[in-house]
Amino acid sequence: MQEGAPEAQITDVTDKMKAMNYDVHRVDGVTHTILGGVGPDKSDPTEFALMPGVREAMRISSPYKLASRGMRPEGTVIKIGDVEIGGSQVVVMGGPCSVESRDQFFTCAEHVAKAGAKIVRGGAFKPRSSPYSFQGMGEEGLKIMREAADQFGLKVVSEVMDSSQIQLMLPYVDILQVGARNMQNFNLLKALGAIRKPIMLKRGIAATIEEQLLSAEYIMAGGNYDVMLCERGIRTFETFTRNTMDISALPVLKKLSHLPTVADPSHGTGRRDMVLPMARASVAAGADALIVEMHNDPNKALSDGAQSLYPEQFAEMVGQCRIIASAIGRTI
């Protein structure tokens, strides 16, 4: 729509789109309102281009309509209280793979806050390859995370594994994370589209970038537009690292989509000694946020100890990434 188009003109266009059996998704940008119609591929854009208040009408050719860059050219900024993801600041998230005890998590959260990170991560429900591995503390873990985050002025991100867990988690977390194994769990994605809480969507273990964007589309089609895309490495023939972290995916996602990007060098490599260089590279490549595993005693961690940083390494990483962010006109 044209800048300053009156609400009546926006309503007229919306009504016409609905009459033509389109699902209409409205995005109010900084200067313009964008109306995205998803539905039958039968209309001529000229029908809308000539309507009062319309600046431009075009057909979006990509299979992911709402997640495409054309839907919001200026990019999406997700606001969580005083934290903004997708703006000029690179947001750092850190914490242990899983909540193991109250003392353990409070210690980790304190280190996260001291290092300058804004969000603490932790797993209450853990999808493990082996059924005999530690599966998480459940709701008790959620309560511990919320209490620690409130004490140290942090936000909380935690993984949701099933749609039945969503309502339980909502009071405790600020961001719901969809793990790699669930990237194409479409029933879960649809359920997350029905809530109004930011979603971090991790790339599947062997998923293409287009498949990740189509999974984001499932969430957005339900009306939840606060989605961030996380690059966490993909499975290749290489065995030296746990996964092969695709740094090139970050600028590709920026080109194709308006959604904020997150880099996960912990799962991307699976090796503590490689997390710092890959975190630095991710910031240089344009990541809007980092999510990094840090444990107060990694050698005794119940999950993912080999890829978890020591607290002093985490602080060092934030300091190094702050310098790189400054060099490309951003802050941490």
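Any read-out appearing in this document is the output of simple, stated calculations on the displayed coordinates, not a laboratory observation. All figures in this text were calculated on a predicted structure; none of them were measured in a lab. Here the Cβ is made from the backbone with ideal geometry for all residues, glycine too, and neighbour counts use every protein chain on show.
Exactly which chymotrypsin sites (Phe, Trp or Tyr not before Pro) in the range 96-198 are in a DSSP loop and have at most 12 other Cβ atoms within 10 Å?
Y132
Order the peptides 243-254, 263-274 from the highest to the lowest mean number of other Cβ atoms within 10 Å of their residues. Present the calculation step by step, with values, prior to reporting the outcome.
Working: 243-254: 18.8, 263-274: 23.1.
For the peptides 243-254, 263-274, the packing ranking is 263-274, 243-254.
Would you mind checking the pairs K114/K197; K18/K190; K18/K254; K16/K202 and listing those with alpha carbons more than 32 angstrom apart? Present the calculation step by step, with values, prior to reporting the outcome.
On the way: K114/K197 26 Å; K18/K190 21 Å; K18/K254 30 Å; K16/K202 36 Å.
Beyond 32 Å between Cα atoms: K16/K202.
Suppose each label sits 7 Å from its Cα in the direction of the beta carbon; what would the Y310-D28 distance come out to in nanometres?
Inter-label distance under the simple model: 5.1 nm.
Need one number: nm distance between label points at R55 and K42, each 7 Å from Cα along Cα→Cβ, rounded to one decimal.
About 3.1 nm, to one decimal.
Please work out the Cα center distance from the range 231-254 to the range 32-89, rounded to the nearest Å.
So the two Cα centres are separated by 29 Å.
For a test of the definition: using alpha carbon positions, the gyration tensor, and the 1.5 limit on a/c, classify the range 158-200 as rounded, prolate or oblate. Let's see the in-between values first.
Numbers: a/c = 1.59, a/b = 1.37, b/c = 1.15.
Judged from the Cα gyration tensor, the range 158-200 comes out prolate (a/c at least 1.5, a/b above b/c).
Write down Rg/Rh for the range 183-332, rounded to two decimals, with Rg from the C-alpha atoms and Rh from the Kirkwood relation over Cα pairs.
That ratio is 0.98, to two decimals.
What's the FRET efficiency of D297 with V252 using the Cβ-Cβ distance as r and R₀ = 41 Å, to the nearest 0.05?
Details: r = 37 Å, r/R0 = 0.91.
Once the sixth-power term is evaluated, E becomes 0.65.
For the chain, with only Lys/Arg (+1) and Asp/Glu (-1) charged at the beta-carbon, what is the dipole magnitude about the Cα centre, in debye rounded to 20?
On the way: 36 positive and 38 negative charges, 82 e Å.
Roughly 400 debye, rounded to the nearest 20.
May I ask for the longest run of the chain untouched by GluC sites (Glu not before Pro) that are loop-located per DSSP and have at most 14 neighbouring C-beta atoms (other than their own) within 10 Å?
Details: sites that count: E3, E56, E74, E238.
Of all site-free stretches, the longest is 75-237.
Report Rg/Rh for the range 1-156, rounded to two decimals, where Rg is the Cα radius of gyration and Rh the Kirkwood radius. Provide the component values of the computation, followed by the final result.
Values: Rg = 22.7 Å, Rh = 19.3 Å.
Radius of gyration relative to Kirkwood radius: 1.18.
Work out how much length D273 to D82 would gain on full extension: take 0.36 nm times their residue separation and subtract the Cα-Cα distance, in nm to one decimal. Let's see the in-between values first.
Working: separation 191, 0.36 × 191 = 68.76 nm, distance 3.23 nm.
Extra length from D273 to D82 when fully extended: 65.5 nm.
Could you give the C-alpha radius of gyration of the range 74-129 expressed as a fraction of 2.2 N^0.38 Å, taking N as the number of residues it contains? Kindly include the intermediate steps, with their values, before the conclusion.
Details: Rg = 13.6 Å, N = 56, 2.2 N^0.38 = 10.2 Å.
Expressed relative to 2.2 N^0.38 Å, the Cα Rg reads 1.34.
Find, among the trypsin sites (Lys or Arg not before Pro) in the range 14-101, those assigned to loop by DSSP (not H, G, I, E, B) with at most 12 other beta-carbon atoms within 10 angstrom. Display every interim value, and only then the final one.
Details: sites: K16, K18, R26, K42, R55, R59, K65, R69, K79; in loops: K42, R55, R59, K65.
Listed in order of number, the matching sites are K42, R55, R59.
If only Cα atoms are counted, what is the Rg of the chain, and what is its Dmax, in Å?
20.5, 66
Q184 versus E7, label points 7 Å from Cα toward the beta carbon: distance in nm?
Computed distance between label sites Q184 and E7 equals 4.4 nm.
Find the relative contact order for the range 225-287 and round it to a whole percent, using C-alpha pairs within less than 8 Å whose residues are 6+ positions apart.
Working: 100 pairs, mean separation 23.5, N = 63.
Value for the range 225-287: 37 percent.
Specify whether the C-alpha gyration tensor of the range 158-262 places it in the rounded, prolate or oblate class, a ≥ b ≥ c being the square roots of the eigenvalues: rounded for a/c under 1.5, otherwise prolate if a/b is larger than b/c and oblate if not. Please list the in-between numbers first.
Working: a/c = 2.04, a/b = 1.51, b/c = 1.35.
Prolate, since a/c reaches 1.5 and a/b exceeds b/c.
What percent does the relative contact order of the range 82-228 come to when contacts are Cα pairs within less than 8 Å and at least six residues apart?
16 percent
With a Förster radius of 41 Å, plug the Cβ-Cβ distance of K18 and E210 into 1/(1 + (r/R0)^6) and report the FRET value to the nearest 0.05. Walk me through the numbers on the way to the answer.
Values: r = 28 Å, r/R0 = 0.69.
So, using R0 = 41 Å, E works out to roughly 0.90.
Per residue of the chain, what 222 nm ellipticity follows from adding -39500 (n - 2.57) for every DSSP H run with n ≥ 4, rounded to the nearest 500? Working shown, then result.
Values: 11 runs with 113 residues, N = 332.
-10000 deg cm²/dmol, from helical runs alone.
Which cross-chain or sequence-distant (5 or more) residues have an amide H under 5 Å from the amide H of V227, H modelled 1.01 Å from N in plane?
Close amide H contacts, sequence-distant or interchain: I199.
For the range 6-85, which chymotrypsin sites (Phe, Trp or Tyr not before Pro) are both in a DSSP coil and crowded by at most 15 other Cβ atoms within 10 Å?
Working: sites: Y22, F48, Y64; in loops: Y22, Y64.
Passing both the DSSP loop test and the Cβ count: no residue.
If Rh is defined by the Kirkwood formula over all Cα pairs and Rg also comes from Cα, what ratio Rg/Rh do you get for the range 11-101?
Working: Rg = 18.1 Å, Rh = 15.9 Å.
Ratio of gyration radius to Kirkwood radius for the range 11-101: 1.14.
To the nearest Å, what is the center-to-center distance of the range 266-332 and the range 161-204, using C-alpha atoms only?
Spelled out, the Cα-based centre of one part sits 24 Å from the other.
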